[in-house]
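Some notes on the structure that comes next.
The values are calculated or read from the model by the stated rules, or taken from the named source; none is laboratory data. These numbers come from a predicted model, not from an experiment. Methodologically, a virtual Cβ is constructed for each residue, glycine included, from the backbone with ideal geometry; neighbour enumeration extends over all protein chains shown. In case anyone asks, the SASA skips ligands and DNA or RNA and just uses the protein heavy atoms, side chains included. Shrake-Rupley method; radii C 1.70, N 1.55, O 1.52, S 1.80 Å.
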Amino acid sequence: MTTVPTIEIGVPGDKVRVPRIGLGTMGMSAAFGPTDDEQSVKVLERAIGIGCTFWDTADAYGLGHNEKLLSRVLKNNRDKIFLSTKFGLMLREPEEDPPKVFSHYIVGYNGKREFVRESLHKSLERLGTDYVDL
C-alpha cells in the first residue's frame, strides 16, 4: 500500500508532522459539478488508509455542507486528521441544499474578531469537533 510522505511544519517548540499532500475537500460539496456524499465518504476513508490525513475545508464549501460531510468521518477518526479550515466570507442563505456554486452566495467579507469567533464556533459545530488544527 502506498503511503503519503510527511513533513514537519511549525516553529521550534511547536511543530507537528503532517502529510506532504493534503486533501482539499471543496469539490465534495460544491464548485465542480454534481456531488455524491456516499462516494465522498469513501474517498475520505481511503485517504485515511493511505495516510493522506491533512484535510482542508471552509465554511463556504457548500455553505456548511462540506463540514457536515467531513463530520461523518471525523467522528471516529478525529485523532488521525490534521484539519485546516478557512472563514471570512459573509454568505446569504442558499436556495438549494447543498448549494452547487457557493460564490453566488457571497455578499461580502469580514475579518472582525466577533465574526471570526462566530464563524469558527459554527464550523466546529458542523464538523462535530472542538478544535481545528490550522
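At a 1.4 Å probe, what is the % contribution of carbon and sulfur to the accessible area of the stretch 26-81? Carbon and sulfur atoms account for 51 percent of the accessible area of the stretch 26-81.
Thinking of the stretch 37-96 as a set of Cα atoms, what percent of all their pairs are more than 14 Å apart? Distances greater than 14 Å cover 57 percent of the Cα pairs. Taking 17 Å as the straight-line reach from the Cα of residue 86, the aspartates and glutamates in range (excluding those fewer than 8 positions away in the same chain) are 56, 59, 67, 114, 118, 125, 130, 133. Quarter the surface of the alpha carbon convex hull of the chain and you get the mean projected area, 9.0 square nanometres.
Rolling a 1.4 Å probe over the protein heavy atoms gives the stretch 17-82 an accessible area of 46 Å² per residue. Counted over the chain, the DSSP beta bridges are approximately 65% antiparallel.
In this simple spin-label model, placing a label point 7 Å from the Cα along the Cα-to-Cβ direction at both residue 77 and residue 21 gives a separation of 1.5 nm. Distance between the pseudo-spin-label points of residue 7 and residue 31 (7 Å out from Cα toward the beta carbon): 2.0 nm. Structure shown: which of 15/68; 75/122; 15/75 lie over 20 Å apart, alpha-carbon to alpha-carbon? Beyond 20 Å between Cα atoms: 15/68; 15/75. Placing R0 at 22 angstrom, the Cβ-Cβ distance between residue 118 and residue 38 gives a FRET efficiency of 0.10 after rounding to 0.05. Backbone amide hydrogens, once placed in the peptide plane, bring residue 90 within less than 5 Å of 107, 108, 109, 110, excluding anything fewer than 5 places away on its chain.
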